[in-house]
Protein chains: 2
Amino acid sequence: MNSPTIPSPVVPRAPPVLVPADTPDSPTYLPSCSWVTPVLTDMYQLTMTYAYWKGGRQNDNAVFDLYFRKNPFGGEFTIFAGLEECIRFVQSFRFSEKELKYLRELMPACEPEFFDYLASLDCSGLSIYAIAEGTVVFPRVPLLRIEGPLAIGQLLETTLLNLTNFSSLICTNAARLRIAAGADKKLLEFGLRRAQGPDGAMTASRFAYMGGFDGTSNVAAGMYFGISPKGTHAHSYVSAHVKLDDLKSRMLKVNPKNVPEGFKVGDERNIVTLAVQYKAELGYSIASLGELAAFCSYAMAFPDSFLALVDTYDTLQSGVPNFICVALALLQCGYAPNGIRLDSGDLAYLSKESRRMLIEADKKYNTNLQACVIVASNDINEAVLLALNDQSHSIDTFGIGTNLVTCQAQPALGMVYKLVEINNEPRIKLSQEAAKITIPGRKDAYRLVGSEGVPILDLIIRKGESPPVIKRRVLCRHPFEEKKRAFVTPTFVIPLLRVVWRGKNAKSFDGEVFEQSATNMRAPFPSLSQLRDFVGSQLALMREDHVRLMNPTPYKVSVTTDLFHYINDMMMKELPIAELE
Amino acid sequence: MNSPTIPSPVVPRAPPVLVPADTPDSPTYLPSCSWVTPVLTDMYQLTMTYAYWKGGRQNDNAVFDLYFRKNPFGGEFTIFAGLEECIRFVQSFRFSEKELKYLRELMPACEPEFFDYLASLDCSGLSIYAIAEGTVVFPRVPLLRIEGPLAIGQLLETTLLNLTNFSSLICTNAARLRIAAGADKKLLEFGLRRAQGPDGAMTASRFAYMGGFDGTSNVAAGMYFGISPKGTHAHSYVSAHVKLDDLKSRMLKVNPKNVPEGFKVGDERNIVTLAVQYKAELGYSIASLGELAAFCSYAMAFPDSFLALVDTYDTLQSGVPNFICVALALLQCGYAPNGIRLDSGDLAYLSKESRRMLIEADKKYNTNLQACVIVASNDINEAVLLALNDQSHSIDTFGIGTNLVTCQAQPALGMVYKLVEINNEPRIKLSQEAAKITIPGRKDAYRLVGSEGVPILDLIIRKGESPPVIKRRVLCRHPFEEKKRAFVTPTFVIPLLRVVWRGKNAKSFDGEVFEQSATNMRAPFPSLSQLRDFVGSQLALMREDHVRLMNPTPYKVSVTTDLFHYINDMMMKELPIAELE
């Protein structure tokens, strides 16, 4: 596949160095969205917590896995995103006085001491292991493993699911659109107005960028996430100009960095007169004068980066002709025009015709307008991009809104959070559907990689089993189907789950010695652009048939022989045998 | 249609009394989501504002309409929601110092005075007219009309669209699910974990309730919006109990309000012994003991409201039998069990079989377990509800998550915001598609209602035309198709657009005298339950064929003869005539 970045060779990553987590005074360590507090949860988490507390089981040693069962969009890969927000939530987890007051009213039948217990709760007793944010991930592999007291582990469920589901979905959607568009096109996220609320938009801007987009229209995303905000003007700007007389000023200072011949710095030229003259010379008689006025006024505001929306009245009869007139006038003032945006109609045809008109103007005036960018928007999605690739077109940049930010093709991902072990006893959630069965017990996961750096498969092992080793053959089995097996001899082995949170009171469940610390410790957060590079470099290494958009080949997620028997023995033990009459 | 509330007779509503808007110290007047500030906007709003300012046009008198073009979900109605958040945004609109600093860096080519201008901007120069939140609305009718200085009107666009699009979509989705389920079922929103981010979830909980839901699983929505949070326990609670020995306590105090015969207040009974005894008596030999332990422990925590999730192992072989044993034990202690929740499998069949088993237990023990509620969840949507209605089933309450909160069937609504007038000149946005043409000029809208209180059609008039009058025949025309006309003699006339914001510096565009005020004034916000009642009462009055889910009849949105000619003359004037070669 095409990728925006050159892949670096895969080497086993060094274990992350944890940093102190608790700096309650620093607002930067809070979740990005202010709704994210311990009460952003399902009611049943609180009723269960009460029942655990009442039964004296709140501190039982529990292990939970967070994972998903099926890749979205009919594809065979997913990008894991949202981990940083999870850790921000974990480190800020504390019921506020106001929240406790509300809960006391909400649950009047509960004993008053329960609320003292809730008030004391934080995540200092937890260890959290996670796959690195931005990793290409697959069904059933634990993305997060939470170890610690049963009640607090349970209380995190809903919020962690909320914080990973949409983030991963939008990031995956963006990565697929990047694959569809190819590495040489620019992709802009334009979805703020149609997103599922303000935070839906912010999340979409952030994780679309991580998935491979180049920019966003969303200014707040620029301010808070450092993504470059892009935009020109709307149809209303054109409609707001009725006639040339609407222009109060018409004079443009020549470009001081590129003073045209015969002028000097500080000289002004009448851009409207120039544009009107080109309009006459080029025979663009029916192009709208209101639109021409709008373009002149916009060019005077942004002479260095003039990009015009050309479909308010008629793209080829009015918009592109008016753009050419104003672009030629700008050139006369020493400025290079930037391009046009198409927002309706047959984008392939209009882009080619527009380019043809630019080339014709170049021939007449010996200019280089054909180098202008053509931006296209209007209901673009994966299928439209693929169709445009099949036709010829002349579009350089795509603006994608609704389809991207709401993930129209599949607006939800099915992350789940399952109890897999309690007090060293493995737990399983059975189901008629194999895909819905949980893999019991504490597990680790490894990516086995071939000599070219291409991932072969993921292997899940029981905690305590020996991990797979470089150059040593290992039998990898389908978790439920006995006949599906393969030997793999990996060139590289990447441990997928690394510690990302170590509470200062976290207990080891298996004798592993935790480094003692007086404070909670967490993994550092990579920057958004580091995450974006990481996504791109990994996708570039994947086998093309795993990441292609149409009918991709499933990537294998396997278990060791030991884990295979463990799962299947447990299923036999737990599943009641029906009595048929 | 079925409706949760009894309709009140339609009378023209009294004009709202505006209240002072500016109380900057009160946090309750801020937008609910902290991302909602003037930079939560598209970049092009800022570039346009600069271009307007540079051209000296920032204070031109502009009128914008916010509306949508097509009802969602293949239906013929939409519920307008999000108005309160729009007004909160309007009254808090001010660029912060931090935001201005960012914008200065982002737009280095802009003159420094521009940022002083931005710093001075607020909404005190605007008048905003809106249809009441919760109104059943239709395509092309302006939902908001914003009048005032061009630049500030333009700057509101993206944020207002974001705040109305998803709110209206989710509210409409909920109203449709209410219609599908019927008035006698309870509907619970369960979508927090799968929603498009934290605020997507909060918005969904709030506006699903407004659309006709009865409760939510989301505790934060309970706390902030007053919606009753509901929930029982998860599969993990069951999995966390391996055997009866896991129970540390087994004794339950008898119900002091309903002391069973032979006991006195303060007496305790061993609930586990009782349940195990029933298990033996009823021959439920293969029901899971871990599950029984879980149910006992949950019942001890919530003896007054015991509701059990019954599908962890096997609904009919284990879950329902275990529920019956614990329910009978609770009855022995003087408590009434609440019910069961089904979360997988064939919900119609399982609900009927479960009810049958409850009835059988009732026969044996002379109890009334059959009155227990049966809650069903698991991928429920409109089609599933309609299919369940067609089969027989025994479900009392539906929990709906993903399909509701992400609006899976159509995850975005297409609200638009168009300039319709500038300096008293009407503006039009033309398009090849009739549905995309804007209706130019300042307009008002009225709902013409028949004698039974049933809406007949909406009529849009030019501002300044005489409004329609009760009992007087008026010709109503399709906005673009000359041959589509109808005479209507309304029994009631409801003015749809009312002033909801009057900035203290707002200017009248047509000589209307505004009441002078030293402060900005806004409409009061109705409570969420008032909005919910309003939605229900209106839907109950709509003609059934307009609001039915399958193949509904379009509700007519019409214009006056004067407006019809105005639109069509303007189209002829503005549309360039193509030159074909």
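Largest to smallest in accessible area, the residues B:R427, A:R543 fall in the order A:R543, B:R427 (1.4 Å probe, all protein chains included). The long axis of helix A:320-332 is offset from the longest Cα principal axis of chain A by roughly 70 degrees. Heavy-atom surface analysis with a 1.4 Å probe gives region B:194-256 a carbon and sulfur content of 48 percent of its accessible area.
Calculated over region B:499-543, the projected area of the Cα convex hull averaged across directions stands at 5.1 nm². In region B:521-541, which residues have a backbone nitrogen under 11 Å from the label point lying 7 Å from B:E452's Cα in the Cα-to-Cβ direction? Counting only backbone N, you get B:541. Let me make sure I get this right: for region A:460-581, a, b and c are the square roots of the gyration tensor eigenvalues over alpha carbons, sorted descending. Under 1.5 in a/c it's rounded, otherwise prolate if a/b > b/c, else oblate. Which is it? Here region A:460-581 falls in the oblate category. Potential lengthening of the chain between B:K436 and B:S228 amounts to 70.8 nm, from the contour at 0.36 nm per residue minus the alpha-carbon distance. On a straight-distance basis, which aspartates and glutamates could pair with B:K264 in a cross-link, Cα separation under 13 angstrom, same-chain partners fewer than 8 positions away excluded? Straight-distance partners of B:K264: none at all. Between A:V513 and B:A371, the FRET efficiency estimated from the beta carbon spacing at R0 = 45 angstrom works out to 0.20. Principal axis extents of the Cα atoms in region B:416-499, from largest to smallest and rounded to whole angstrom, are 38, 32, 21. As an equivalent ellipsoid, region B:117-162 spans semi-axes of 24, 11, 9 angstrom, where each value is the square root of five times an eigenvalue of the C-alpha gyration tensor, largest first. Put simply, chains A and B cover up around 9400 Å² of each other's accessible surface, both sides summed, when a 1.4 Å probe is used.
Note that region A:340-455 presents 37 Å² accessible area per residue, ligands and nucleic acids not counted, probe 1.4 Å. Inter-part distance, region A:244-272 to region B:466-524, computed on C-alpha centroids, equals 46 Å. Please say if chain B is rounded, prolate or oblate, where rounded means a/c under 1.5 for a ≥ b ≥ c the square roots of the C-alpha gyration tensor eigenvalues, and otherwise the choice is prolate for a/b larger than b/c and oblate otherwise? Prolate is the answer for chain B, as a/c is 1.5 or above and a/b outweighs b/c. Over all distinct Cα-Cα pairs of region B:58-130, the Kirkwood formula returns a hydrodynamic radius of 15.6 Å.
Here A:E360 and B:R356 are evaluated by their C-beta separation; at R0 = 51 Å the FRET efficiency comes out at 0.05.
Filter the chymotrypsin sites (Phe, Trp or Tyr not before Pro) in region B:205-268 down to the DSSP loop ones having no more than 13 other Cβ atoms within 10 Å, then list what survives. Filter output for region B:205-268: empty list. Residues whose amide H falls under 5 Å from that of B:C476, counting only those 5 or more places apart or on a different chain, are B:A486, B:F487, B:V488, with hydrogens built in the peptide plane.
Once the Cβ-Cβ distance of B:A409 and A:Q277 is raised to the sixth power relative to R0 = 45 Å, the FRET efficiency obtained is 0.25. In nanometres and ascending order, the distances from the B:V454 label point to those of the other copies are 6.7 (point 7 Å from Cα along Cα→Cβ). Based on Cα contacts under 8 Å between residues 6+ apart, chain B shows a relative contact order of 22 percent. Shown for A:G74: label points 7 Å from Cα along the beta-carbon vector, and their distances to the equivalent points in the other copies, 1.9 nm in ascending order. With one equal scatterer per alpha carbon and no solvent term, the Debye-computed log10 I(q)/I(0) for region A:186-298 at 0.12, 0.18, 0.21, 0.23 1/Å reads -0.68, -0.90, -0.99, -1.08. Label separation (A:N551 vs A:D304): 5.2 nm, computed from points 7 Å beyond Cα along the C-beta direction.
Which shape class applies to region A:268-388: rounded if a/c is under 1.5, otherwise prolate when a/b exceeds b/c and oblate if not, where a ≥ b ≥ c are the square roots of the Cα gyration tensor eigenvalues? The shape class here is prolate. Only Lys, Arg, Asp and Glu carry charge here, each on its Cβ (+1 for the first two, -1 for the last two); on that basis chain B has a dipole of about 980 debye about its Cα centre. Remark: spin-label model distance B:N389-A:K248 equals 5.9 nm, labels positioned 7 Å along the Cα→Cβ axis. Directionally averaged projected area (region B:331-409, Cα convex hull): 5.9 nm².
Mean residue ellipticity, 222 nm, helices only, chain B: the sum of -39500 (n - 2.57) across DSSP H runs of n ≥ 4, divided by residue count and rounded to 500, is -10500 deg cm²/dmol. Helix A:197-210: angle to the longest alpha-carbon principal axis of chain A, degrees 0 to 90, nearest 10? Roughly 90 degrees, rounded to the nearest 10. Against the empirical curve 2.2 N^0.38 Å, the C-alpha radius of gyration of region A:115-197 lands at a ratio of 1.52. Derived scalar couplings between HN and Hα for region B:542-553 equal 6, 4, 4, 6, 7, 9, 5, 7, 9, 6, x, 8 Hz in order, rounded to whole Hz, by the Karplus curve 6.51 cos²θ - 1.76 cosθ + 1.60 (θ = phi - 60°), x for Gly and Pro. When Rg and Dmax are taken over the Cα atoms of region B:14-122, they come to 17.2, 51 Å.
With respect to the cross-link table entries B:K101/B:K507; A:K253/A:K352; A:K429/A:K463; A:K98/A:K429; A:K185/A:K364, which display a Cα-Cα separation exceeding 25 Å? Too far apart for the 25 Å limit: B:K101/B:K507; A:K253/A:K352; A:K98/A:K429; A:K185/A:K364. Largest first and in whole Å, the equivalent-ellipsoid semi-axes of the protein assembly as shown read 55, 38, 26, each the square root of five times a Cα gyration tensor eigenvalue. Between A:S285 and A:F480, the contour length at 0.36 nm per residue exceeds the Cα-Cα span by 63.0 nm. Helix B:97-106 and the longest principal axis of the Cα set of chain B meet at an angle near 70°.
Across region A:411-462, Cα pairs under 8 Å and at least six residues apart give a relative contact order of 24 percent.
Counting only protein heavy atoms and a 1.4 Å probe, region B:34-105 has 27 square angstrom of accessible area per residue.
The values are calculated or read from the model by the stated rules, or taken from the named source; none is laboratory data. Just so it is clear, the structure is predicted and the values come from calculations on it, not from any experiment. Please note: Cβ atoms are built from the backbone with ideal geometry, for glycine as well, and neighbour counts cover all protein chains shown. Heavy atoms of the whole protein, side chains included, go into the accessibility calculation; ligands, DNA and RNA do not. Shrake-Rupley method; radii C 1.70, N 1.55, O 1.52, S 1.80 Å.
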